[in-house]
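Here the structure is laid out as structure tokens; the discussion comes afterwards.
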Amino acid sequence: MTGLTRRRLWILVTAAFVIGAIEFLPAYQFEAGINRALPTPWNMALSGTVWDGFGVLRSGHAPDALAVPLTWKFDPMALARLRIAWKVVPTSPSLSGSVRIGADWQSVEVRDAALTIDAAALQQAIPVLALFAPSGTLLFSTPGDAQLTIGYGSELHVTGVAHVKADNFGLRPYGAQPLGNYQLTFTAHDTAIDYLIAQSSGALKLDGGGSIQTVAPRQIVYAGHVTASADLPEVVLAGLKELGKPAADGRLRVDWKARW
């Protein structure tokens, strides 16, 4: 028996053992460990088995907390990549679609993502966004065979590619009307995430891109052009004029950075 054949045999034996071990394992046995890993105040209730089950992800314990029902099904094909993975399907007006989530000892992997997110619900997931009161619909996806790999730890380390499409996106401080529709591509390299605005239309058009630094000093950078409709509130137009410099074609050239 060759070394390669022996290695394949061990992989098959290991895969069969893992599948057999988890097929009937109750999901609730992992509830406490998952809740310890989730950032406060997020929590999750589990039922069914590790192989095929149901859960509810909540943004807190208050009666009005965001609650996302979801189902999962074990993905045995991920064992070929030395990962344990599940296809997760959230079914909520705030979050719906599907995504494959895998894990090993060092990281979490996100693949085949096609998720629709209500932007208004983001402020429950990220409280600081309540200052901006976002609105609209976000579509988050990973293209083709691409994936996002997120490392364990207190600091955010991400590698991979993702797309975000924002329809009728708005921010309450900038008026009740939507600012526009946007398509962005994010390319992450460990602690730096580059982004490019591939398409933009609406009252506030953006043409450019930038980067997000996920470790101290955490900052977000944007460099590009802004085209603002005269229909936007005067306070918004005045703020944009202070932020950018007029270009020859009438757009504003913006070079902006901020800590977050």
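Axis of helix 234-243 versus longest Cα principal axis of the chain: the two differ by about 80°, to the nearest ten degrees.
Would you pull out the residues with amide H under 5 Å of ALA113's amide H, same chain only if 5 or more places away, H placed 1.01 Å from N? Here the answer is ARG100, THR142, since their amide H atoms fall under 5 Å of that of ALA113.
Taking amide H as placed 1.01 Å from N in the peptide plane, ALA247 has its amide H under 5 Å from the amide H of LEU252, ARG253, each at least 5 places away in sequence or on another chain. Fully extending the segment from VAL56 to LEU237, taken as 0.36 nm per residue of separation minus the present Cα-Cα distance, adds 60.9 nm. A simple spin-label model places the labels of THR40 and TRP256 3.3 nm from each other, with each point 7 Å out along Cα-to-Cβ.
Tell me the label only: which of (i) 190; (ii) 147; (iii) 177 is volume of the Cα convex hull per residue in Å³ as calculated from this structure? From the options (i) 190; (ii) 147; (iii) 177, the structure gives (ii). Label reach from LEU196 (point 7 Å along Cα→C-beta): in the stretch 220-248, amide nitrogens under 17 Å belong to 222-225. Residue by residue, the stretch 244-253 carries 3J(HN,Hα) couplings of x, 10, x, 9, 5, 8, x, 7, 9, 8 Hz when phi is fed to the Karplus relation 6.51 cos²θ - 1.76 cosθ + 1.60 (θ = phi - 60°); x denotes Gly or Pro.
Partner lysines whose Cα lies under 24 Å from the Cα of LYS245, excluding those fewer than 8 positions away in the same chain, are identified as LYS205, LYS257.
Computed from backbone phi, the HN-Hα couplings of the stretch 106-123 come to 10, 7, 10, 10, 10, 9, 6, 7, 8, 10, 9, 10, 6, 4, 5, 7, 4, 5 Hz, rounded to whole numbers (Karplus: 6.51 cos²θ - 1.76 cosθ + 1.60, θ = phi - 60°; Gly and Pro given as x). Considering helices alone, the calculated mean residue ellipticity of the chain at 222 nm is -4500 deg cm²/dmol, with DSSP H runs of length four and up weighted by -39500 (n - 2.57) and normalised per residue. The phi torsions of the stretch 163-177, fed into the Karplus equation with coefficients 6.51, -1.76 and 1.60 and a -60° offset, translate into couplings of 10, 10, 10, 10, 10, 6, 6, x, 10, 4, x, 9, x, 7, 6 Hz, rounded to whole numbers, with Gly and Pro shown as x. Within a straight-line Cα-Cα reach of under 12 Å, LYS73 can be paired with the following aspartates and glutamates, leaving aside sequence neighbours fewer than 8 residues apart in one chain: GLU23, ASP52. Under the criterion of Cα pairs below 8 Å and six or more residues apart, the relative contact order for the stretch 106-259 equals 15 percent. A simple spin-label model places the labels of SER98 and ALA247 4.1 nm from each other, with each point 7 Å out along Cα-to-Cβ. In a GNM of the chain with a 10 Å cut-off on Cα contacts, which of GLY97, GLY244, GLY153 has the highest mean-square fluctuation? For the chain, modelled as a Gaussian network with Cα springs under 10 Å, the answer is GLY153.
Taken together, the values in this text are just the output of simple stated rules run on the coordinates, not laboratory data. Quantities reported herein were computed from a predicted structural model and do not represent experimental measurements. Cβ sites come from the backbone with ideal geometry, for glycine too, and all protein chains shown count toward neighbours.
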